[in-house]
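The values are calculated or read from the model by the stated rules, or taken from the named source; none is laboratory data. Note that the structure is predicted; figures quoted are calculated from it, not measured. With ideal geometry, Cβ positions are generated from the backbone for all residues, glycine too; neighbour counts draw on all protein chains shown. Just the protein is used for accessible areas: all its heavy atoms, side chains included, with ligands, DNA and RNA removed. Shrake-Rupley method; radii C 1.70, N 1.55, O 1.52, S 1.80 Å.
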Amino acid sequence: MTPRSLGYSFHLVDGRISCRITDNILANGVIVVAGPDLRDGRFHHVAMTLVRNSGTGGHLYVDGTSVLTFDPTSQSGDLSTPQPVLIGMHPHYPAIDCNFRGVIEEVSIYNRALTAVEVKSINDAGALGKCGLAVPPSVCLNGAQVKVDGQLTSAFSGTANWQTNTVTVSSTTNGTALEIGTVFANSGVLLDSFTFADLGGPYYVLPEESLDKINGVEALGNWQLELWDTRARATNPPPSVVKWQLALVLENTTTQPTLLTHNLSASNSVSPGHIRYFTVDVPSWAHFCTNWLITASGPVNLLFNQTTLPTGTNAGDVTLLANSTGGIRTLASGGTPPLVPGATYFLGVQNPGALPVTFALEIDFDVTPLTNAISVSSSLASNSVARYFSYDVTSNETAVLFQLTNLTGNASLVLRDGLPFPNPGSFDYASFNPGTNDEFILVLTNSDPVPLRPGRWYIGVFNADITNLNYTHRRDRFHQSLSRSIHAEQQDSFHSQQPRCREFG
(Lines give C-alpha, C1' and ligand atoms only; values in the text may rest on other atoms or scores of the structure.)
Protein backbone atom coordinates (compact mmCIF):
# COMPACT_ATOMS: atom_id res chain seq x y z
CA MET A 1 0.00 0.00 0.00
CA THR A 2 1.33 3.44 -0.88
CA PRO A 3 2.39 5.39 2.26
CA ARG A 4 0.17 8.32 3.09
CA SER A 5 0.59 11.37 5.34
CA LEU A 6 -1.81 13.20 7.62
CA GLY A 7 -2.25 16.96 7.20
CA TYR A 8 -1.16 19.31 4.42
CA SER A 9 1.14 18.81 1.43
CA PHE A 10 1.99 21.47 -1.18
CA HIS A 11 4.21 20.16 -3.96
CA LEU A 12 4.77 19.68 -7.70
CA VAL A 13 3.42 16.93 -9.92
CA ASP A 14 5.05 16.78 -13.34
CA GLY A 15 6.08 20.42 -12.93
CA ARG A 16 2.58 21.65 -11.97
CA ILE A 17 1.61 22.80 -8.47
CA SER A 18 -0.46 20.36 -6.45
CA CYS A 19 -1.82 20.06 -2.93
CA ARG A 20 -3.18 17.24 -0.81
CA ILE A 21 -5.29 17.54 2.34
CA THR A 22 -6.36 14.60 4.46
CA ASP A 23 -7.71 14.12 7.97
CA ASN A 24 -7.23 10.32 7.79
CA ILE A 25 -3.80 8.74 7.34
CA LEU A 26 -5.45 5.80 5.56
CA ALA A 27 -7.36 7.97 3.07
CA ASN A 28 -6.27 9.93 0.00
CA GLY A 29 -8.22 13.06 1.03
CA VAL A 30 -8.42 15.98 -1.41
CA ILE A 31 -5.78 15.98 -4.16
CA VAL A 32 -5.69 18.72 -6.81
CA VAL A 33 -3.20 19.63 -9.57
CA ALA A 34 -3.28 22.83 -11.62
CA GLY A 35 -1.31 25.52 -13.42
CA PRO A 36 1.42 25.53 -16.05
CA ASP A 37 4.59 23.44 -16.12
CA LEU A 38 7.08 25.42 -14.03
CA ARG A 39 10.17 23.51 -15.11
CA ASP A 40 11.57 26.39 -17.17
CA GLY A 41 14.65 27.31 -15.05
CA ARG A 42 13.08 30.54 -13.72
CA PHE A 43 11.85 31.58 -10.27
CA HIS A 44 8.08 31.45 -9.80
CA HIS A 45 5.93 32.60 -6.92
CA VAL A 46 3.48 29.87 -5.89
CA ALA A 47 0.91 29.95 -3.10
CA MET A 48 -1.88 27.92 -1.56
CA THR A 49 -4.64 29.41 0.63
CA LEU A 50 -7.28 27.46 2.50
CA VAL A 51 -10.60 28.23 4.24
CA ARG A 52 -11.68 24.74 5.27
CA ASN A 53 -15.35 25.38 5.92
CA SER A 54 -15.97 27.02 2.54
CA GLY A 55 -16.90 25.12 -0.60
CA THR A 56 -14.67 27.51 -2.54
CA GLY A 57 -12.12 27.93 0.21
CA GLY A 58 -9.17 26.32 -1.56
CA HIS A 59 -7.00 28.32 -3.99
CA LEU A 60 -3.75 27.68 -5.86
CA TYR A 61 -1.75 30.62 -7.26
CA VAL A 62 1.11 30.88 -9.75
CA ASP A 63 2.92 34.21 -10.14
CA GLY A 64 0.14 36.06 -8.32
CA THR A 65 -2.70 34.64 -10.42
CA SER A 66 -5.26 32.05 -9.25
CA VAL A 67 -5.01 28.85 -11.30
CA LEU A 68 -7.52 26.75 -9.33
CA THR A 69 -10.36 27.04 -6.82
CA PHE A 70 -11.36 23.80 -5.04
CA ASP A 71 -13.60 22.49 -2.25
CA PRO A 72 -11.76 21.35 0.95
CA THR A 73 -14.86 20.74 3.10
CA SER A 74 -14.73 16.95 2.82
CA GLN A 75 -11.72 17.02 5.17
CA SER A 76 -13.40 18.43 8.26
CA GLY A 77 -11.47 16.37 10.81
CA ASP A 78 -8.31 17.20 12.79
CA LEU A 79 -5.31 17.84 10.49
CA SER A 80 -2.73 18.18 13.28
CA THR A 81 0.28 15.86 13.14
CA PRO A 82 3.33 15.25 15.33
CA GLN A 83 5.56 15.07 12.25
CA PRO A 84 7.97 17.95 11.48
CA VAL A 85 7.44 20.53 8.75
CA LEU A 86 9.46 19.47 5.71
CA ILE A 87 10.57 21.88 2.99
CA GLY A 88 11.76 20.27 -0.23
CA MET A 89 11.82 16.74 1.25
CA HIS A 90 9.29 13.97 0.70
CA PRO A 91 7.90 12.67 4.02
CA HIS A 92 8.76 9.05 3.12
CA TYR A 93 12.32 9.67 1.88
CA PRO A 94 14.47 7.60 1.32
CA ALA A 95 11.86 4.91 0.73
CA ILE A 96 10.33 7.29 -1.82
CA ASP A 97 12.80 9.71 -3.42
CA CYS A 98 10.58 12.54 -4.61
CA ASN A 99 12.57 15.36 -3.04
CA PHE A 100 12.42 18.76 -4.74
CA ARG A 101 15.15 19.36 -7.35
CA GLY A 102 15.65 23.09 -7.44
CA VAL A 103 15.95 26.22 -5.29
CA ILE A 104 13.37 27.41 -2.75
CA GLU A 105 13.44 30.81 -1.02
CA GLU A 106 11.20 33.11 1.03
CA VAL A 107 9.01 30.32 2.42
CA SER A 108 6.17 31.65 4.62
CA ILE A 109 3.36 29.99 6.57
CA TYR A 110 0.53 32.30 7.71
CA ASN A 111 -2.01 31.75 10.48
CA ARG A 112 -4.84 32.91 8.20
CA ALA A 113 -5.81 32.64 4.53
CA LEU A 114 -4.34 35.52 2.51
CA THR A 115 -6.61 37.28 0.06
CA ALA A 116 -6.01 37.19 -3.68
CA VAL A 117 -4.91 40.84 -3.50
CA GLU A 118 -2.34 40.05 -0.82
CA VAL A 119 -0.95 37.11 -2.78
CA LYS A 120 -0.63 39.28 -5.88
CA SER A 121 1.09 42.09 -3.94
CA ILE A 122 3.70 39.66 -2.61
CA ASN A 123 4.36 38.46 -6.16
CA ASP A 124 4.50 42.01 -7.52
CA ALA A 125 7.05 43.05 -4.87
CA GLY A 126 9.46 40.71 -6.64
CA ALA A 127 13.02 40.95 -5.46
CA LEU A 128 12.05 43.50 -2.78
CA GLY A 129 10.52 40.65 -0.80
CA LYS A 130 7.79 41.00 1.79
CA CYS A 131 9.43 44.08 3.32
CA GLY A 132 8.80 45.82 0.03
CA LEU A 133 5.01 45.52 0.32
CA ALA A 134 2.81 48.60 0.58
CA VAL A 135 1.89 47.31 4.05
CA PRO A 136 4.97 45.29 5.10
CA PRO A 137 5.17 42.97 8.12
CA SER A 138 5.65 44.66 11.51
CA VAL A 139 9.37 43.74 11.62
CA CYS A 140 11.67 43.28 8.65
CA LEU A 141 14.57 41.20 9.92
CA ASN A 142 16.82 41.98 6.98
CA GLY A 143 17.91 45.40 8.25
CA ALA A 144 20.75 47.78 7.46
CA GLN A 145 24.39 47.77 8.45
CA VAL A 146 27.18 50.30 8.94
CA LYS A 147 30.76 49.78 7.79
CA VAL A 148 33.82 51.95 8.42
CA ASP A 149 36.64 51.33 5.96
CA GLY A 150 35.01 48.01 5.05
CA GLN A 151 34.68 46.82 8.66
CA LEU A 152 31.20 46.17 10.07
CA THR A 153 30.67 48.39 13.14
CA SER A 154 26.90 48.25 13.80
CA ALA A 155 23.53 47.19 12.39
CA PHE A 156 19.85 47.99 12.89
CA SER A 157 16.50 46.49 11.89
CA GLY A 158 13.81 48.07 9.78
CA THR A 159 10.17 48.36 10.76
CA ALA A 160 6.90 49.20 9.04
CA ASN A 161 7.36 52.86 10.06
CA TRP A 162 10.14 55.38 9.60
CA GLN A 163 12.52 55.49 12.54
CA THR A 164 15.61 57.47 13.47
CA ASN A 165 18.89 55.65 14.08
CA THR A 166 22.05 57.25 15.42
CA VAL A 167 25.39 55.74 14.47
CA THR A 168 28.65 56.88 16.10
CA VAL A 169 31.85 56.33 14.11
CA SER A 170 35.47 57.40 14.55
CA SER A 171 37.79 58.32 11.70
CA THR A 172 41.41 57.32 12.21
CA THR A 173 42.77 58.51 8.84
CA ASN A 174 41.98 61.07 6.18
CA GLY A 175 39.52 59.69 3.65
CA THR A 176 37.84 57.21 5.98
CA ALA A 177 35.04 55.46 4.06
CA LEU A 178 31.61 55.26 5.74
CA GLU A 179 29.08 52.86 4.21
CA ILE A 180 25.43 52.58 5.25
CA GLY A 181 23.33 50.11 3.31
CA THR A 182 20.95 47.21 3.48
CA VAL A 183 22.16 43.80 4.57
CA PHE A 184 21.06 42.40 1.22
CA ALA A 185 20.57 44.39 -1.93
CA ASN A 186 16.90 43.38 -2.08
CA SER A 187 15.99 43.50 1.60
CA GLY A 188 13.26 46.11 1.10
CA VAL A 189 14.65 48.48 3.75
CA LEU A 190 14.55 52.16 2.74
CA LEU A 191 17.12 54.71 4.00
CA ASP A 192 16.67 58.49 3.82
CA SER A 193 17.71 61.88 5.31
CA PHE A 194 21.29 61.45 6.50
CA THR A 195 22.72 64.07 8.87
CA PHE A 196 26.33 64.27 10.06
CA ALA A 197 27.16 65.92 13.39
CA ASP A 198 30.46 66.40 15.22
CA LEU A 199 30.40 64.97 18.73
CA GLY A 200 32.85 67.60 19.96
CA GLY A 201 36.10 67.24 21.86
CA PRO A 202 38.33 66.20 23.27
CA TYR A 203 40.25 65.51 20.08
CA TYR A 204 43.11 63.05 20.03
CA VAL A 205 45.88 63.52 17.51
CA LEU A 206 48.32 60.74 16.70
CA PRO A 207 52.01 61.81 16.79
CA GLU A 208 53.96 62.22 13.58
CA GLU A 209 56.66 59.84 14.83
CA SER A 210 56.53 56.68 16.94
CA LEU A 211 56.57 56.92 20.72
CA ASP A 212 58.26 53.54 21.07
CA LYS A 213 61.45 55.25 22.27
CA ILE A 214 59.74 56.15 25.57
CA ASN A 215 57.99 52.82 26.00
CA GLY A 216 58.58 51.58 29.55
CA VAL A 217 60.04 54.92 30.76
CA GLU A 218 58.82 56.06 34.17
CA ALA A 219 56.18 58.82 33.90
CA LEU A 220 57.65 60.79 36.84
CA GLY A 221 59.13 64.13 35.78
CA ASN A 222 58.41 67.11 33.47
CA TRP A 223 56.89 66.50 30.04
CA GLN A 224 56.78 69.03 27.18
CA LEU A 225 54.60 69.07 24.07
CA GLU A 226 55.41 70.86 20.81
CA LEU A 227 52.28 71.52 18.73
CA TRP A 228 52.95 72.11 15.04
CA ASP A 229 49.88 72.04 12.79
CA THR A 230 50.51 72.49 9.06
CA ARG A 231 47.42 70.70 7.81
CA ALA A 232 45.02 73.68 7.91
CA ARG A 233 44.51 75.14 4.42
CA ALA A 234 42.36 78.18 5.10
CA THR A 235 43.72 81.55 3.86
CA ASN A 236 41.01 84.05 4.76
CA PRO A 237 41.24 84.45 7.67
CA PRO A 238 44.65 82.81 8.21
CA PRO A 239 44.58 79.52 10.15
CA SER A 240 45.09 79.70 13.90
CA VAL A 241 44.87 77.38 16.85
CA VAL A 242 42.11 78.56 19.15
CA LYS A 243 43.27 76.58 22.18
CA TRP A 244 44.88 73.31 23.13
CA GLN A 245 45.60 71.33 26.24
CA LEU A 246 48.00 68.50 27.05
CA ALA A 247 46.62 65.70 29.18
CA LEU A 248 48.64 62.64 30.18
CA VAL A 249 46.64 59.54 30.98
CA LEU A 250 48.77 57.49 33.36
CA GLU A 251 47.68 53.90 33.09
CA ASN A 252 48.29 51.73 36.12
CA THR A 253 48.06 48.30 34.52
CA THR A 254 48.01 44.99 36.39
CA THR A 255 50.20 42.38 34.75
CA GLN A 256 49.14 38.74 34.56
CA PRO A 257 50.40 36.71 37.55
CA THR A 258 53.38 34.41 37.04
CA LEU A 259 52.93 30.76 38.01
CA LEU A 260 55.52 29.62 40.54
CA THR A 261 56.77 26.03 40.28
CA HIS A 262 58.22 23.92 43.07
CA ASN A 263 61.98 24.37 43.56
CA LEU A 264 62.34 26.76 40.57
CA SER A 265 63.26 30.35 41.44
CA ALA A 266 61.64 33.21 39.52
CA SER A 267 63.51 36.48 39.03
CA ASN A 268 61.77 39.73 38.17
CA SER A 269 61.62 43.45 38.94
CA VAL A 270 58.97 45.72 40.39
CA SER A 271 58.62 49.47 39.89
CA PRO A 272 58.20 51.93 42.78
CA GLY A 273 54.68 51.81 44.20
CA HIS A 274 53.77 48.73 42.17
CA ILE A 275 53.16 45.03 42.88
CA ARG A 276 54.42 42.03 40.91
CA TYR A 277 52.00 39.09 41.18
CA PHE A 278 52.46 35.32 41.32
CA THR A 279 50.18 32.28 41.67
CA VAL A 280 50.88 29.03 43.49
CA ASP A 281 48.97 25.84 42.64
CA VAL A 282 49.08 23.69 45.78
CA PRO A 283 49.17 19.91 45.10
CA SER A 284 46.56 17.79 46.87
CA TRP A 285 49.30 15.94 48.78
CA ALA A 286 51.10 19.02 50.13
CA HIS A 287 51.04 19.85 53.86
CA PHE A 288 53.64 22.65 53.85
CA CYS A 289 54.85 25.30 51.41
CA THR A 290 57.92 27.44 51.99
CA ASN A 291 57.66 30.93 50.43
CA TRP A 292 61.24 32.08 50.04
CA LEU A 293 62.25 35.61 49.08
CA ILE A 294 65.76 34.65 48.06
CA THR A 295 67.04 38.16 47.45
CA ALA A 296 65.82 41.70 46.76
CA SER A 297 67.82 44.79 45.79
CA GLY A 298 65.63 46.89 48.08
CA PRO A 299 63.04 46.37 50.84
CA VAL A 300 59.78 44.81 49.59
CA ASN A 301 56.63 43.37 51.13
CA LEU A 302 55.58 39.79 50.36
CA LEU A 303 51.76 39.75 50.34
CA PHE A 304 49.41 36.74 50.41
CA ASN A 305 45.74 36.23 49.54
CA GLN A 306 43.91 32.94 49.14
CA THR A 307 41.34 34.07 46.57
CA THR A 308 42.41 37.28 44.80
CA LEU A 309 45.40 39.43 43.94
CA PRO A 310 46.64 41.06 47.17
CA THR A 311 47.06 44.83 47.37
CA GLY A 312 47.79 45.14 51.07
CA THR A 313 44.26 46.43 51.75
CA ASN A 314 42.02 43.72 50.28
CA ALA A 315 39.99 41.46 52.54
CA GLY A 316 42.05 38.35 53.21
CA ASP A 317 45.41 40.04 52.56
CA VAL A 318 48.24 38.82 54.80
CA THR A 319 51.76 40.28 54.86
CA LEU A 320 54.13 37.31 54.94
CA LEU A 321 57.29 39.46 54.93
CA ALA A 322 57.49 43.22 55.59
CA ASN A 323 60.26 45.55 54.35
CA SER A 324 62.45 42.55 53.64
CA THR A 325 65.37 41.96 51.31
CA GLY A 326 65.28 38.22 51.94
CA GLY A 327 63.38 35.84 54.16
CA ILE A 328 61.23 32.73 54.52
CA ARG A 329 57.60 32.25 55.54
CA THR A 330 56.20 28.70 55.58
CA LEU A 331 52.48 28.01 55.19
CA ALA A 332 51.10 24.86 56.85
CA SER A 333 47.76 23.11 56.41
CA GLY A 334 46.86 23.92 60.02
CA GLY A 335 48.58 27.31 60.25
CA THR A 336 47.57 30.95 59.86
CA PRO A 337 46.97 31.63 57.05
CA PRO A 338 46.37 27.95 56.27
CA LEU A 339 47.77 26.09 53.29
CA VAL A 340 44.79 24.65 51.35
CA PRO A 341 45.75 21.45 49.46
CA GLY A 342 44.43 21.38 45.90
CA ALA A 343 43.75 25.15 45.85
CA THR A 344 45.54 28.15 44.33
CA TYR A 345 46.79 31.13 46.31
CA PHE A 346 48.26 34.47 45.22
CA LEU A 347 51.50 36.22 46.17
CA GLY A 348 52.45 39.82 45.54
CA VAL A 349 55.90 41.42 45.79
CA GLN A 350 55.17 45.06 46.68
CA ASN A 351 57.75 47.81 46.27
CA PRO A 352 57.04 50.64 48.76
CA GLY A 353 60.28 52.45 47.89
CA ALA A 354 61.24 55.11 45.35
CA LEU A 355 63.55 52.97 43.19
CA PRO A 356 62.93 49.84 41.11
CA VAL A 357 63.75 46.57 42.86
CA THR A 358 64.94 43.29 41.35
CA PHE A 359 64.21 40.14 43.31
CA ALA A 360 64.15 36.35 43.23
CA LEU A 361 61.30 34.26 44.65
CA GLU A 362 60.87 30.51 45.15
CA ILE A 363 58.29 28.13 46.63
CA ASP A 364 58.99 24.61 47.91
CA PHE A 365 56.48 21.95 48.96
CA ASP A 366 57.04 19.19 51.53
CA VAL A 367 59.09 16.84 49.35
CA THR A 368 61.39 14.56 51.36
CA PRO A 369 64.96 14.39 49.96
CA LEU A 370 66.50 10.90 49.82
CA THR A 371 70.07 10.07 50.74
CA ASN A 372 72.01 7.20 49.20
CA ALA A 373 71.56 3.84 50.96
CA ILE A 374 69.50 5.35 53.83
CA SER A 375 66.01 3.89 54.22
CA VAL A 376 62.93 5.98 55.01
CA SER A 377 59.97 4.17 56.64
CA SER A 378 56.48 5.63 56.52
CA SER A 379 52.80 4.79 56.07
CA LEU A 380 49.93 5.82 53.80
CA ALA A 381 46.24 5.77 54.66
CA SER A 382 43.78 4.25 52.24
CA ASN A 383 42.55 6.67 49.53
CA SER A 384 45.08 9.22 50.79
CA VAL A 385 47.12 11.60 48.68
CA ALA A 386 50.58 10.59 47.50
CA ARG A 387 53.87 10.91 49.37
CA TYR A 388 56.68 12.48 47.33
CA PHE A 389 60.46 12.18 47.57
CA SER A 390 63.32 13.68 45.59
CA TYR A 391 66.83 12.60 44.73
CA ASP A 392 69.62 14.61 43.10
CA VAL A 393 71.50 12.44 40.61
CA THR A 394 75.19 13.33 40.24
CA SER A 395 77.29 13.16 37.08
CA ASN A 396 79.33 10.12 38.24
CA GLU A 397 76.32 7.84 38.86
CA THR A 398 75.62 5.24 36.16
CA ALA A 399 72.67 3.43 37.78
CA VAL A 400 70.12 4.26 40.48
CA LEU A 401 67.75 1.77 42.15
CA PHE A 402 64.53 2.98 43.83
CA GLN A 403 62.80 0.41 46.08
CA LEU A 404 59.70 -0.04 48.24
CA THR A 405 60.11 -2.92 50.66
CA ASN A 406 58.42 -4.29 53.80
CA LEU A 407 55.02 -3.53 52.28
CA THR A 408 51.86 -4.34 54.25
CA GLY A 409 49.59 -3.57 51.29
CA ASN A 410 49.49 -2.84 47.56
CA ALA A 411 51.55 0.24 46.67
CA SER A 412 52.55 1.94 43.40
CA LEU A 413 55.93 3.54 42.76
CA VAL A 414 56.32 6.23 40.03
CA LEU A 415 59.37 8.21 38.95
CA ARG A 416 60.06 11.25 36.77
CA ASP A 417 63.12 13.26 35.77
CA GLY A 418 62.21 16.78 36.94
CA LEU A 419 58.78 18.38 37.17
CA PRO A 420 55.82 18.06 37.03
CA PHE A 421 55.36 15.57 39.84
CA PRO A 422 54.68 12.03 38.58
CA ASN A 423 51.45 10.14 39.22
CA PRO A 424 50.13 6.69 38.22
CA GLY A 425 48.79 8.12 34.97
CA SER A 426 51.83 10.23 34.01
CA PHE A 427 55.44 9.22 34.67
CA ASP A 428 58.83 8.34 33.16
CA TYR A 429 59.02 4.99 34.99
CA ALA A 430 56.68 3.06 37.27
CA SER A 431 56.39 -0.17 39.22
CA PHE A 432 52.90 -1.63 39.71
CA ASN A 433 53.63 -5.05 41.20
CA PRO A 434 50.51 -6.58 42.80
CA GLY A 435 49.85 -7.16 46.50
CA THR A 436 52.68 -6.83 48.98
CA ASN A 437 55.40 -7.59 46.42
CA ASP A 438 58.34 -5.18 46.51
CA GLU A 439 58.27 -2.27 44.06
CA PHE A 440 61.53 -1.36 42.35
CA ILE A 441 62.74 0.84 39.49
CA LEU A 442 66.27 0.62 38.12
CA VAL A 443 67.38 3.49 35.84
CA LEU A 444 70.67 3.44 33.91
CA THR A 445 72.48 5.90 31.71
CA ASN A 446 71.14 4.04 28.64
CA SER A 447 67.61 3.34 29.94
CA ASP A 448 64.60 3.96 27.73
CA PRO A 449 62.53 6.18 27.51
CA VAL A 450 64.54 8.54 29.79
CA PRO A 451 68.21 7.79 30.50
CA LEU A 452 69.74 8.47 33.90
CA ARG A 453 71.16 11.98 33.89
CA PRO A 454 72.26 14.55 36.50
CA GLY A 455 69.52 16.61 38.10
CA ARG A 456 66.59 16.30 40.47
CA TRP A 457 64.32 13.25 40.08
CA TYR A 458 60.95 12.98 41.83
CA ILE A 459 59.51 9.76 43.28
CA GLY A 460 55.85 9.28 44.17
CA VAL A 461 54.41 6.57 46.43
CA PHE A 462 50.68 5.83 46.04
CA ASN A 463 48.45 3.56 48.11
CA ALA A 464 46.67 1.26 45.64
CA ASP A 465 44.91 -0.67 48.40
CA ILE A 466 41.69 -0.13 50.36
CA THR A 467 43.52 -0.37 53.68
CA ASN A 468 46.37 1.54 55.29
CA LEU A 469 49.85 0.38 54.38
CA ASN A 470 53.37 0.67 55.76
CA TYR A 471 56.50 0.71 53.62
CA THR A 472 60.25 1.30 53.59
CA HIS A 473 61.68 3.49 50.83
CA ARG A 474 65.35 3.06 49.87
CA ARG A 475 67.51 4.45 47.11
CA ASP A 476 70.86 3.00 46.06
CA ARG A 477 73.28 4.41 43.54
CA PHE A 478 76.01 2.65 41.62
CA HIS A 479 79.16 3.90 39.96
CA GLN A 480 80.78 2.77 36.75
CA SER A 481 83.26 0.42 38.45
CA LEU A 482 80.42 -1.72 39.90
CA SER A 483 77.97 -1.68 37.03
CA ARG A 484 78.95 -4.94 35.30
CA SER A 485 78.91 -7.09 38.44
CA ILE A 486 75.55 -5.67 39.51
CA HIS A 487 74.03 -6.49 36.13
CA ALA A 488 75.28 -10.09 36.34
CA GLU A 489 73.85 -10.62 39.80
CA GLN A 490 70.53 -8.81 39.34
CA GLN A 491 69.57 -9.52 35.73
CA ASP A 492 66.83 -12.05 36.55
CA SER A 493 65.32 -10.13 39.44
CA PHE A 494 64.87 -7.02 37.28
CA HIS A 495 63.79 -8.84 34.13
CA SER A 496 60.06 -8.19 34.59
CA GLN A 497 60.40 -4.59 35.72
CA GLN A 498 58.14 -2.03 33.96
CA PRO A 499 59.33 -0.28 31.93
CA ARG A 500 62.31 -2.36 30.74
CA CYS A 501 65.85 -1.00 30.97
CA ARG A 502 68.69 -1.70 28.58
CA GLU A 503 71.91 -3.35 29.78
CA PHE A 504 74.51 -1.08 31.26
CA GLY A 505 78.21 -1.19 31.87
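Pairs of Cα atoms in the stretch 329-405 fall into 10 Å distance bins, from 0 up to the last occupied one, in shares of 10, 31, 28, 21, 8, 2 percent.
Convex hull volume per residue, computed on the Cα atoms of the stretch 379-429, equals 104 Å³.
Summary of packing: across the peptides 25-38, 418-431, the per-residue average of other C-beta atoms within 10 Å ranks them, highest first, as 418-431, 25-38. Per residue, the accessible area of the stretch 259-368 comes to 43 Å² when a 1.4 Å probe rolls over the protein heavy atoms. For the stretch 16-120, the share of alpha carbon pairs falling in successive 10 Å distance bins from zero is 12, 42, 39, 7 percent.
Relative contact order for the stretch 273-351: 49 percent, from Cα pairs under 8 Å spaced at least 6 residues apart, divided by residue count.
With all protein chains in place and a 1.4 Å probe, the accessible surface of the stretch 356-474 carries 50 percent carbon and sulfur.
Relative protection proxy for 61-68, 326-333, from highest mean packing down: 61-68, 326-333 (other beta-carbon atoms within 10 angstrom). The three principal axes of the Cα atoms in the stretch 277-428 give end-to-end lengths of 58, 39, 25 Å, sorted in falling order. Per-residue surface analysis assigns Ser76 an accessible area of about 100 Å², computed on protein heavy atoms at 1.4 Å probe radius. Averaged over residues, the count of other Cβ atoms within 10 Å places the peptides 43-49, 301-307 in the sequence 301-307, 43-49, highest first.
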